[in-house]
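Shown next, in structure tokens, is the structure this report addresses.
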Amino acid sequence: MPIVKVMQHGQITIPKKIRELLGLKEGDLADAELKGERIVITPKRLVEDKALQELRAVLSEVHAKNKGVSEEEVVKYATQAVAELRAEEYAKEKKA
């Protein structure tokens, strides 16, 4: 496990190998939280990437089911699918 040094103003440098594995680049955002005596840093874009992957999957499904349908109709169906996913997630969060 690499050792990091706390610098002026509490700054640390994430080791290059870890940055490369996570695809972190200068200017990327991350969440930092305290878990017990550990600091957990999570790249913010990973959450956004997951949502984008889910959207692409939905769009692919809509496209596959609607060959020969106009682009406007596909956009309409995709928008409906996104709304349904959001409603499902909202229902899950409300139960929790």
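The values are calculated or read from the model by the stated rules, or taken from the named source; none is laboratory data. Just so you know, these numbers come straight off a predicted model, no measurement behind them. Here Cβ is always computed from backbone atoms with ideal geometry, including for glycine, and neighbour counts include all displayed protein chains.
Here are the numbers for this structure:
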quantity	calculated
Subset tally (residues that are at pLDDT below 90 and among the charged types (D, E, K, R)) for segment 1-26	2
Any hit, segment 68-90, residues being on the phi > 0 side of the Ramachandran plot and at pLDDT 85 or above	no
Listing of helices (runs of 4 or more DSSP H) fully contained in segment 12-96 that carry 3 or more residues being surrounded by 13 or more Cβ atoms within 10 Å (Cβ to Cβ) and in contact (Cβ under 8 Å) with a residue 24 or more places away in the chain	44-65
